[in-house]
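What follows is one structure encoded as structure tokens, with my remarks underneath.
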Amino acid sequence: MALWNGSGGGGAFPAAAVSAVLVAAAVAALLGAGVAASKFDDVVQPSWANDHMVYDGDLLKLRLDANSGGGFVSRSKILYGKASADLKLVPGDSAGVVTAFYLSSAGDNHNEFDFEFLGNVTGEPYLVQTNLYIDGVGNREQRIDLWFDPTADFHTYAVLWNPSQVVFMVDDTPIRVYENRQNATMHGHHHRHGGNANGTTNTTSPPPFPGPQPMAVYSSIWNADDWATQGGRVKTDWSHAPFEATFREVRVDGCAWAANATDGDAGEVRRCSETSWGKEGRYWWKEKEMSELSVHQSHQLVWARAHHLVYDYCVDTDRFPVQPPECAGR
């Protein structure tokens, strides 16, 4: 069974599996003195530069100009689930511009799952960078180019997160999987340089996996011309401003963290981590079939990485002379 169901990356789930924060209305309603409410209002709110988060009918745009970028954050936090966005990226010459869609917890030892869309010179392919922070430590970048023009139409970018894995998806195609190998037995696995002098086999520690920290969903657009395009060699051309990333929909489906709970609330951790049911209904993201890719999805992942992966930190020996533990065996 697939990790996700339905079209557009959002999934068609039973009524009992009502999401933590779903887009509540498909058509804007009128409030008070003629002020229009957006279908996004139940899901996200501005996080900075409120005037650079612009509603355009049923669309939401994040705008970057020479004065500021802008961003939004989800109104609720989740512990496990899926976040997705139907997004059309900045068209034309977007060199130096970065649009991000990501999940993050709070604090110095935070976890974070990033999509970063790196702007390009007109005619060059967009690069999509993914990254994971675990307990405040990142440096797990991978980059792909895309098999379509992400500025011509909307495409769905999603992150599925459960106790078994973190999966990055583009239009339902997995492009990256980070597995939880904490419980895998590591005994009997040799280090690259063999065993001990007495002939016994060394053991290795399992790679880190994000612990149960509640996460909010964010998006932002900003000027990153010090690194984003050709390593910072190509700068932002402000004559093309304003730069706009356009959202058709944002969905956050998961175990909703209680609004009055602290981030370390043990009761909320148990409710979202140890059970299969809660106030949202059945926790579909924790079903057995969600713990690993299906055969078809595994083939999709192999295809995406074989044809579109352009950078992988796991094989960057200049940065990592000692291979990170999660990269072993790849």
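The values are calculated or read from the model by the stated rules, or taken from the named source; none is laboratory data. Worth saying up front: this structure is predicted, and the values here are computed from it rather than measured. Cβ coordinates were reconstructed from backbone atoms using ideal geometry, including for glycine residues, and neighbour counts include every protein chain displayed. Surface areas here come from the heavy atoms of the whole protein model, side chains and all, with no ligands, DNA or RNA. Shrake-Rupley method; radii C 1.70, N 1.55, O 1.52, S 1.80 Å.
Computed with a 1.4 Å probe on the full set of protein chains, the accessible area for Arg305 sits at about 50 Å².
Rolling a 1.4 angstrom probe over the protein heavy atoms with all chains in place gives the stretch 98-181 an accessible area of 31 Å² per residue.
Between His299 and Ala106, the FRET efficiency estimated from the beta carbon spacing at R0 = 41 angstrom works out to 0.65.
Residues Val97, Val302, Val234, sorted by accessible area with the largest first, give Val302, Val234, Val97 [1.4 Å probe; ligands and nucleic acids excluded].
If you find the alpha carbon centre of the stretch 214-237 and of the stretch 243-282, how far apart are they in angstrom? Cα centroid to Cα centroid, the span is 27 Å.
Solvent-accessible surface (1.4 Å probe) assigned to Leu64 amounts to roughly 0 Å².
Shown are Arg140, Arg233, Arg63, whose ranking by accessible area with a 1.4 Å probe and every protein chain present, most to least, is Arg233, Arg63, Arg140.
Between rounded, prolate and oblate, where does the stretch 233-301 land on the alpha carbon gyration tensor, with a ≥ b ≥ c its root eigenvalues, rounded for a/c under 1.5, else prolate if a/b exceeds b/c? Oblate, since a/c reaches 1.5 and b/c is not below a/b.
Taking only the Cα atoms of the stretch 33-87, the radius of gyration and Dmax are 12.6, 39 Å.
Computed with a 1.4 Å probe over protein heavy atoms only, the accessible area of Glu141 comes to about 30 Å². Taking the Cα centre of the stretch 209-325 as reference, the dipole from Cβ charges on Lys and Arg (+1) and Asp and Glu (-1) amounts to some 240 debye. Across the stretch 26-183, the relative contact order, built from alpha-carbon pairs under 8 Å that are at least six residues apart, equals 15 percent.
The order of Val217, Val322 by accessible area, most exposed first and with a 1.4 Å probe, is Val322, Val217. Taking every protein chain into account, the accessible area of the stretch 251-330 amounts to 58 square angstrom per residue (probe 1.4 Å).
Between Phe320 and Ser273, the contour length at 0.36 nm per residue exceeds the alpha carbon distance by 13.6 nm.
Rg/Rh for the stretch 23-173 (Cα atoms only, Rh after Kirkwood) is 0.97.
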